[in-house]
């Protein structure tokens with residue numbers, strides 16, 4: 001009788017679990033077990049929020065808005081005696097169109113700017129110098145303020161892909177000062193250490209700090225890639241702390257450039273004409289060529305294109321890490337404006353040659369910017385342009 005009873009109980013349990021087999025184990029647990037699981041998730045989220053809040057509280061008062069006669073950017077205090085780091089292009093922007101290019105003078109920039117702290121204090125700051133060799137950094141100096149908050153620098157090389165990061169700055173408009181965003185490191189360039197991340201930054205964030213979870217500076221936000229609607233794409237870049245540390249050391253010794261070097265006109269830029277009939281041009285990047293914001297040398301080419309035309313542009317070299325950009329040239333009341341159409345630095349993974357394959361949006365003149373991915377690279381290259389029917 002007992003054996004029959006045991007068989008009956010076993011059969012009953014098997015039947016029950018067969019019937020409710022689609023039910024999750026979580027639903028079968030007592031409410032207190034489910035509450036424990038839910039509480040763990042909430043605690044994890046709360047801990048993440050606490051980290052973000054702590055980073056903001058520790059760093060906010062050391063981050064400033066840098067106001068110039070032309071606009072604004074961001075910066076941060078690095079020492080009790082009033083040294084502030086920002087981007088060179090915040091103080092002296094590179095030319096944005098043909099008219100500005102023709103009139104560009106790298107010595108024409110304000111010697112004194114205004115820095116605004118998160119608590120509303122406005123303080124004049126002397127422009128003490130710029131990074132050499134195209135480094136997009138500038139150092140400012142204010143008179144010592146009482147209880148001046150500073151940001152510590154992280155150990156060089158401590159940042160890793162996947163790390164959680166934070167930004168502070170003044171995007172878009174100076175009324176948006178003290179804006180705090182967060183994200184993760186998505187890439188670190190193996191050659192120059194430049195940090196790519198997905199925290200939201202926009203115009204005005206330039207010069208602001210990129211922070212780790214300890215509130216230490218791991219980089220200086222410098223630029224990003226925007227979509228066609230001027231929206232942030234999540235591809236943003238920061239100068240690594242190793243270069244920031246070296247720059248601060250040089251600045252204290254007075255070993256900085258008196259003018260911005262991110263765009264140097266050592267010789268007037270020339271624009272060569274290239275045809276789309278599979279023409280091959282042998283060129284070279286050399287000392288004395290115009291310089292991009294990242295310090296790389298530039299050669300310029302133009303061609304006449306048609307709306308809907310499929311074009312393929314290739315840049316190959318055994319000497320340099322090729323980089324191509326394609327712009328549409330437009331006339332405006334301020335002169336010629338450039339609209340970016342496409343850019344590419346590698347044809348495919350492991351291939352340092354560049355290729356752009358795209359459809360032209362309108363009839364008109366287009367500008368090819370042939371350069372290198374890395375600052376200061378020189379060497380020969382071959383450029384080929386083709387239009388597909």
Residues of segment 206-220 being assigned to a loop (DSSP other than H, G, I, E, B) and under 10 Å from the mean Cα position of the chain (by Cα), in sequence order, are 206
TODO: Would you mind stating whether residue 82 is assigned by TED's automatic domain parsing to the domain that holds residue 141, closer than 14 Å to residue 65 by Cα and buried (at least 17 other Cβ atoms within 10 Å of the Cβ)?
DONE: no
Filtering segment 189-210 for residues that are touching a residue at least 40 places away in the same chain (Cβ under 8 Å) and under 13 Å from residue 237 (Cα atoms) leaves a count of 12
Within segment 79-100, is there a residue that is at pLDDT 95 or above, touching a strand residue (DSSP E or B) at 6+ places or on another chain (Cβ under 7 Å), more than 18 Å from residue 182 (Cα to Cα) and assigned to a loop (DSSP other than H, G, I, E, B)? yes
Reported set for segment 163-195 where residues are touching a helix residue (DSSP H, G or I) at 6+ places or on another chain (Cβ under 7 Å) and either crowded, with 19+ Cβ neighbours inside 10 Å or at positive phi (or both) is 166, 168, 170, 178, 182, 193
By residue number, the members of segment 370-389 that are closer than 15 Å to residue 276 by Cβ and not in a strand (DSSP E or B) are 389
Scanning segment 112-123 residue by residue, those under 17 Å from residue 71 (Cα atoms) and surrounded by 12 or more Cβ atoms within 10 Å (Cβ to Cβ) turn out to be 113, 114, 115, 116, 117, 123
Checked segment 301-341 for anything surrounded by fewer than 20 Cβ atoms within 10 Å (Cβ to Cβ), within 29 Å of residue 243 (Cα to Cα) and in contact with a strand residue (DSSP E or B) (Cβ under 6 Å, 6 or more places away or on another chain); matches are 319, 321, 340
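The values are calculated or read from the model by the stated rules, or taken from the named source; none is laboratory data. Since we're looking at a predicted model, the values are computed, not measured. Here Cβ is always computed from backbone atoms with ideal geometry, including for glycine, and neighbour counts include all displayed protein chains.
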